[in-house]
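The values are calculated or read from the model by the stated rules, or taken from the named source; none is laboratory data. Only a predicted model underlies this, so the values are computations on that prediction, with no experimental measurement involved. So basically every Cβ, Gly included, is an ideal-geometry build from the backbone, and we count neighbours across all protein chains shown. Areas reflect the complete protein model, heavy atoms only, side chains present, ligands, DNA and RNA absent. Shrake-Rupley method; radii C 1.70, N 1.55, O 1.52, S 1.80 Å.
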Amino acid sequence: MGRERRQAVHHQLGDRHLRLCVENGNKEISNLIVPNGTPGFEAGEPYRKMGWNASDTRPLTFDDCRVPEGNLLGPRGAGFKQFLAILDGGRIGVAAMGVGLAQGALDEAISYSKERQAFGQPIGKFQAIQGKIADLSAQIEAARLLVYRAAILKDRGENFTLTAAQAKLITGRLAVRATEEAVQIHGGYGYIEEYPVCRFYRDAKILTIGEGTDEVQQMVIARQLGV
């Protein structure tokens, strides 16, 4: 596809990598599949991250890296449109992650509140703890239905851009709040890595960033509403 350097963003696909290529001298954007081992392609050392440590994230370098034209993903010049379409669907997936993470945090909080004793009774008997658990339960169920609605619209082939952005915005923020409340309910133990809510708390933040930040979701939602 030529030897000159090009700007690129990358996504890992197993033993292959997807490169968004911007041709020098024009605005044409295309997606290319670059297999591992391709001369000129190198994966750097993994980043140290706050959370999501199971996800291998590292810089990718392409220096005079050549692949055949058959490695084009879809038509030449269609890269930007492809990424926009992928983002819409990806937001449903990330929103589902948010619901799952929030539910997991709530489950841990409920379990701990039944076991932890204070002043002669489980802390779950105190209204302050019950209020946190009740609010999270109701919000998680509402968020889950919004994610289902976005997925149903996509399955039907209907426009789901607005609903996917709404779901992504709501569930990312909910995951952060739910994990924070779960840590709070655990007290000092919530800050110790022995307890799952510690990891949940660190993992939640990326859900307000990946697949478009909260600010991007707000922009998408406003535009879809004609603002």
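Figure legend. Inter-residue proximity from the stretch 206-227: first residues closer than 18 Å to A102 by Cα and modelled with pLDDT of 95 or more, second residues part of a helix (DSSP H, G or I) and charged (D, E, K, R), beta-carbon distance below 8 Å, spacing 6+ or different chains. Indicated pairs: T208/R173; T208/D214; D214/R173.
For I185, state whether it is touching a residue at least 40 places away in the same chain (Cβ under 8 Å), open to solvent by 70 Å² or more (accessible area, probe 1.4 Å) and touching a helix residue (DSSP H, G or I) at 6+ places or on another chain (Cβ under 6 Å). Considered against the rule, which asks whether it is touching a residue at least 40 places away in the same chain (Cβ under 8 Å), open to solvent by 70 Å² or more (accessible area, probe 1.4 Å) and touching a helix residue (DSSP H, G or I) at 6+ places or on another chain (Cβ under 6 Å), I185 comes out as no.
In the stretch 107-119, is there at least one residue being farther than 30 Å from L84 by Cα, touching a strand residue (DSSP E or B) at 6+ places or on another chain (Cβ under 9 Å) and either open to solvent by less than 20 Å² (accessible area, probe 1.4 Å) or among the small types (G, A, S) (or both)? Yes, the stretch 107-119 contains a residue that is farther than 30 Å from L84 by Cα, touching a strand residue (DSSP E or B) at 6+ places or on another chain (Cβ under 9 Å) and either open to solvent by less than 20 Å² (accessible area, probe 1.4 Å) or among the small types (G, A, S) (or both). Any residue at all in the stretch 198-205 that is part of a helix (DSSP H, G or I), of a type in the set (D, E), touching a Phe, Trp or Tyr at 6+ places or on another chain (Cβ under 8 Å) and open to solvent by less than 40 Å² (accessible area, probe 1.4 Å)? Checked against the condition, which is being part of a helix (DSSP H, G or I), of a type in the set (D, E), touching a Phe, Trp or Tyr at 6+ places or on another chain (Cβ under 8 Å) and open to solvent by less than 40 Å² (accessible area, probe 1.4 Å), the stretch 198-205 yields at least one hit.
When the stretch 39-87 is filtered for residues that are open to solvent by less than 80 Å² (accessible area, probe 1.4 Å), within 26 Å of E28 (Cβ to Cβ) and among the charged types (D, E, K, R), the ones remaining, listed by number, are D63, D64.
Within the stretch 138-163, if we keep just the residues that are more than 12 Å from V99 (Cβ to Cβ) and polar (S, T, N, Q), the residue that is least open to solvent (accessible area, probe 1.4 Å) turns out to be T163.
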